[in-house]
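Structure, as structure tokens:
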Amino acid sequence: MEINELLIPTILGGICVAISVYGLAIAKDRKYALGGLFLYSLIPISHRTGIFLENPEDYFGTNVSGTFNVLQASRDAGVSKFIYTASSSCYGLPDKFPTSELARIQPQYPYALTKWLGEELALHWAKVYQMPVVSLRLFNVYGPRSRTSGTYGAVFGVFLAQKLAGQPFTVVGDGSQTRDFTYVSDVVDAFIVSANSNATEEIFNIGSGATVSIKVIENPLSSLIHQTTESYQRPIPHQSLPG
Ligand code: UDP
């Protein structure tokens, strides 16, 4: 199967922008039908460039309706495996680290909710249409080609851009908040292993298993003369939201 066979009906079906597609469908012959798109998907575009809380319809359109479109196109194409790029944001602020797949689902904002709804769709399609589906919940992916623009760019890319521009790091609060940072090539490995496995209707957390504070990730990026902006607040602060 050619990539276009799957991609074209997907775009016609109404997904907002091709690079917002975050499902990796695998053709019958085990070629990665949407491989190019899946690389973009590791840091979901809609989360990183959009306004965080406003315009929830964009998240819904891409993450829910878009997923629906990709699932339907994948069904029509008879893919042998559909891998959904889910988000650890479905756990909100979890109590336990490392966080289990069985942890309570408590999305804290519309983006997180719509990512989880997309996952539910994919797993439902697996059950009803017998389409092999695996969902990978990614924890804070970082590495080469991290997005370096946008107020809500992932912190690694934001700090990297600030370093390159000689600007102080915009550390939110005291930087003691922690995240599980996952290197991008480990995420790629997880996709490949999942693609080649017989697993279906399964959810896997993809993280390093270690929690690291924002202060600590500053260090490899910083130099002796680099500064930190203390008490930085991102726009549209909301106390109940993670960082
Ligand atoms: N963060 C920060 N400065 C920034 C951007 C992010 O200190 O300029 C912090 C943010 O407060 C959060 C952590 O880095 O605690 C991870 O933020 P990111 O948006 O990358 O991921 P998420 O909060 O969705 O896990």
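The values are calculated or read from the model by the stated rules, or taken from the named source; none is laboratory data. Values in this document were obtained by computation on a predicted structure and should not be read as measured data. Note that each Cβ is placed from the backbone with ideal geometry, even for glycine, and that neighbours are counted across all protein chains shown. Ligands, DNA and RNA are stripped out before the accessible areas are found, and what is left, the full protein with its side chains, is counted by its heavy atoms. Shrake-Rupley method; radii C 1.70, N 1.55, O 1.52, S 1.80 Å.
One table, with the values for the structure above:
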quantity	calculated
Extension gain, Gln130 back to Val216 (0.36 nm per residue minus Cα-Cα distance, nm)	26.5 nm
Accessible solvent surface per residue of the range 135-225, calculated while the other protein chains remain in place, 1.4 angstrom probe, Å²	49
The range 79-164: C-alpha gyration tensor shape, a/c 1.5 cut-off, then a/b vs b/c	prolate
Long pairs among Lys96/Lys163; Lys96/Lys127; Lys81/Lys127, criterion Cα-Cα beyond 25 Å	Lys96/Lys163; Lys96/Lys127
Protection proxy ranking, peptides 189-201, 69-81, average beta carbon neighbours within 10 Å, highest first	69-81, 189-201
